[in-house]
Amino acid sequence: MKQKFDIGLIGLAVMGQNLVLNMNDHGYRVAVYNRTSSKLEDFLKGPAAGRDSIEGADDLKQFISMLERPRKVFLMVKAGDVVDQVISQILPFLEEGDVIIDGGNSLFTDSSRRMKNLAEKNILFIGTGVSGGEEGARRGPSIMPGGNPAAWTHVKSILQDISAKTIKGEPCCDWVGDEGSGHYVKMIHNGIEYGDMQLISEAYHLMKSVLKLDHDRMHEIFEKWNKGPLDSYLIEITSDILSYKDADGEPLLEKILDTAGQKGTGKWTGINALETGTPLTLISEAVFARCLSALKQERVAASECFTGPENETPENVEELIDDLEKALLASKIVSYAQGFMLMRQGALENQWELNYEAVARMWRGGCIIRSRFLDNISDAFSNNKELASLIVDPYFSKILQDSQAAWRRIINLGVQTGIPLPAMSSGLMFFDGYRSASLPANMLQAQRDYFGAHTYERNDSPRGKFYHTDWTGEGGNVSSTTYNV
Ligand code: NBP
């Protein structure tokens with residue numbers, strides 16, 4: 001009898017093809033299927049040619065019959081309804097104990113629903129984040145699996161073998177937790193990615209438009225920053241992008257239209273932050289900055305209505321470059337602190353037990369936000385499992401303390417020259433709010449009580465005791481019900 005296959009993969013677009021080759025490089029026999037059969041043929045005759053242990057089927061029943069039991073079916077198709085459609089197409093051919101792994105960018109609530117529905121049929125479901133794009137999928141992505149814990153033993157070795165490894169050789173893949181927690185962690189990863197990208201773009205904007213640096217100089221600066229605490233994949237590719245010349249010898253970057261696209265995971269992170277009441281200000285600003293950039297026509301029209309401030313090259317350019325590095329690092333700390341705050345809130349609301357140290361380790365290699373900095377985050381949670389915020393961890397609080405003067409100078413520079421720094425400034429505003437023992441919310445509470453009898457607590461009374469004042473002398477004694485949403 002013909003030897004069965006270790007795993008089957010459905011969806012031979014860029015991610016699927018590269019994951020198959022990666023699995024095969026690690027000794028796994030892989031069966032493949034794609035809705036459009038010409039793409040299956042192209043793959044088998046192209047990238048998979050000469051690999052005997054990769055075989056395809058253009059019929060789902062046959063494809064499933066090729067798999068070793070318990071069958072492991074990896075879906076790498078477009079996120080959303082397509083995942084439900086494909087699951088319902090393969091279900092008739094699966095048996096109890098088989099495993100479905102969805103590796104696309106699915107919404108975590110969909111993954112929770114799929115896990116529960118499939119558990120009723122005794123099919124084990126995993127929703128896993130896969131990050132690293134094409135190169136990551138081929139050479140080792142960061143993989144964040146969550147779902148039915150009984151599935152983990154069946155796929156652990158495959159997923160950890162194909163994942164990226166940290167410098168210490170640890171796999172950038174570990175069990176995240178129950179239900180849709182794997183996709184939840186991936187969603188936050190993508191939100192943080194939005195924040196990092198926006199912060200870097202703001203630094204580039206100031207360098208180009210205020211410090212008037214040319215592309216070669218900007219390339220050198222990012223290259224230098226990549227040897228310090230900002231060392232990361234995104235800083236590295238920014239340096240490469242700045243040195244890339246078009247056919248005419250001019251920087252290609254300046255020919256790219258300034259309207260950003262997005263596929264939804266940043267938006268989901270912002271929505272979840274609002275739903276859970278988490279102040280995820282920097283990442284949300286990064287999402288809105290993309291939305292604002294997309295209003296190109298309106299921006300061009302508005303640019304003709306207003307004149308911004310005069311913009312003369314400052315005298316202390318070298319000092320400002322150092323300030324910018326510090327401002328970028330400080331803002332980045334706030335962004336990650338907010339991302340981990342949201343993760344803690346998500347874990348609380350969904351009753352998941354998340355290991356934050358392991359999450360930081362999973363992001364250490366293979367994924368788009370990989371950076372040296374994630375080792376420090378992992379250490380912070382290893383030193384204190386109950387850490388309220390990365391901001392108060394001794395390593396990060398010292399950086400913030402030492403950088404805040406430079407950070408303020410950079411935000412001032414942006415304000416004075418009319419260069420928008422939405423993410424960097426919202427990071428500073430959050431920092432100032434978070435480190436303030438008192439905020440003007442007493443005024444908010446007074447206003448709420450004045451117009452809506454919403455009541456307030458007092459500084460000189462125990463928490464939980466609520467007061468209402470008849471501010472005008474014309475109100476009654478009846479107060480509104482006290483609750484928070
Ligand atoms: P796409 O997101 O472009 O999806 C294309 C695949 O989905 C093709 O195999 C296509 O089959 C299949 N598909 C579609 Br579209 N509709 C289908 C249907 N109704 N039934 C069955 N199959 C269908 O590919 P990708 O960029 O490789 O991404 C795959 C997943 O991984 C997505 O969820 C994506 O968000 C996620 N992801 C992507 C990246 C990245 O960098 N691209 C990184 C990380 C995660 P066809 O060939 O017949 O049209």
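I'd like to check something: does the range 153-163 contain any residue that is touching a Ser or Thr at 6+ places or on another chain (Cβ under 8 Å), assigned to a helix (DSSP H, G or I) and open to solvent by 10 Å² or more (accessible area, probe 1.4 Å)? No; the residues of the range 153-163 include none that is touching a Ser or Thr at 6+ places or on another chain (Cβ under 8 Å), assigned to a helix (DSSP H, G or I) and open to solvent by 10 Å² or more (accessible area, probe 1.4 Å). If you go through the range 116-124 one residue at a time, do you hit one that is in a strand (DSSP E or B), open to solvent by 10 Å² or more (accessible area, probe 1.4 Å) and of a type outside the set (S, T, Y)? Yes.
Just one of the listed residues (V334, V317) is in contact (Cβ under 8 Å) with a residue 40 or more places away in the chain, at negative phi and out of contact with any helix residue (DSSP H, G or I) (no Cβ under 9 Å at 6 or more places or on another chain), and it is V317. Screening Y336 on (1) closer than 24 Å to S284 by Cα; (2) assigned to a helix (DSSP H, G or I); (3) touching a Ser or Thr at 6+ places or on another chain (Cβ under 9 Å) shows it passes everything except condition (3).
Here I200 passes the criteria (1) farther than 25 Å from D6 by Cβ; (2) open to solvent by 50 Å² or more (accessible area, probe 1.4 Å); (3) among the aliphatic types (A, V, I, L, M) except the one numbered (2). Taking the range 23-101 and the helices (runs of 4 or more DSSP H) fully enclosed by it, the elements with 2 or more residues that are exposed (fewer than 13 other Cβ atoms within 10 Å of the Cβ) are at 37-45, 81-90.
Is it true that some residue in the range 48-66 is of a type in the set (S, T, N, Q), farther than 22 Å from A164 by Cα and within 11 Å of the ligand (Cβ to nearest atom)? Checked against the condition, which is being of a type in the set (S, T, N, Q), farther than 22 Å from A164 by Cα and within 11 Å of the ligand (Cβ to nearest atom), the range 48-66 yields no hits at all.
Close Cβ contacts (under 8 Å, 6 or more residues apart or on different chains) running from residues in the range 91-103 that are within 16 Å of the ligand (Cβ to nearest atom) to residues that are part of a loop (DSSP other than H, G, I, E, B) comprise L91/K121; L91/I123; I100/L94; I100/I123; G103/M76. Number of residues in the range 363-405 that are surrounded by fewer than 20 Cβ atoms within 10 Å (Cβ to Cβ), small (G, A, S) and farther than 24 Å from Y184 by Cβ equals 2.
Checked against the criterion of being in contact with a strand residue (DSSP E or B) (Cβ under 9 Å, 6 or more places away or on another chain), polar (S, T, N, Q) and within 26 Å of G136 (Cα to Cα), the range 372-394 contains not a single residue that satisfies it. Residue pairs whose Cβ atoms lie under 6 Å apart, sitting 6 or more positions apart in sequence or on different chains, and linking a residue in the range 121-134 that is within 14 Å of the ligand (Cβ to nearest atom) to a partner that is modelled with pLDDT of 95 or more and of a type in the set (D, E, K, R), are G127/D102; G129/K186.
Within the range 1-22, residues that are more than 13 Å from the ligand (Cβ to nearest atom) have Cβ atoms under 8 Å from residues that are of a type in the set (D, E) and assigned to a loop (DSSP other than H, G, I, E, B) in these pairs: K4/E68; F5/E68; D6/E68, counting only partners at least 6 apart in sequence or on another chain.
The values are calculated or read from the model by the stated rules, or taken from the named source; none is laboratory data. Keep in mind the model is a prediction, meaning the values are calculated, not measured. Cβ: placed from backbone, ideal geometry, glycine included. Neighbour counts: every protein chain shown. These accessible areas exclude ligands, DNA and RNA; they are computed on the full protein's heavy atoms, side chains included. Shrake-Rupley method; radii C 1.70, N 1.55, O 1.52, S 1.80 Å.
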